[in-house]
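What follows is calculated from the coordinates using simple rules that are stated; it is not laboratory data. Quantities reported herein were computed from a predicted structural model and do not represent experimental measurements. Ideal geometry is used to build each Cβ from the backbone, glycine not excepted, and the neighbour counts take in all protein chains shown.
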Amino acid sequence: MAFYFDPAPEQIAGWNEFVESRPPAVREVARRFSPWKLYRLGPDRCTIYSFSEGSPVTMTVNIAGEFNLLLVERSVFGVKPEQLTECDLPLPGERIGVIPEN
C-alpha cells in the first residue's frame, strides 16, 4: 500500500517515541496505523490526524483534495480502526482536488 511521503529517520524515531508514550490501548491502535500511509474511509482516501485516548480508541482523519476529488476538505472524528483500510495513491491522471464554488 501507499506511503504518501517517505519519512526521514528522525520522523520515524519521533513517531515511535510518540507511540511508546501513549496509554496501552492507544499504543495498540497507533502501531497499526502509520501517519505516512493512505487509508480509505468509505469512498475517500484519508490520512491519520490523531488518536483519542477514550474507550474505545478512535481516530480523527483528514480527507483532503490532495488525494480525492472533493467539494469540501474536512476532518472526520470518531473513526473506528476497523473502518479504515490501507489504499493506494491516486492513479496518474486521476482527477483530484477541491471543486471550486461557482
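What the table below lists for this structure:
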quantity	calculated
Cut-off 12 Å between beta-carbons: net charge of the residues surrounding Arg22, Lys and Arg +1, Asp and Glu -1	-2
DSSP beta bridges in the chain [antiparallel fraction, %, rounded to 5]	90 percent
Counted charge near Pro81, where neighbours are those whose Cβ lies closer than 15 Å (Asp, Glu -1; Lys, Arg +1)	+3
Helix 9-21 vs. the chain, principal-axis angle (Cα, 0 to 90°, nearest 10)	60 degrees
Ordering of 3-16, 43-56 by packing [mean C-beta count within 10 Å, highest first]	43-56, 3-16
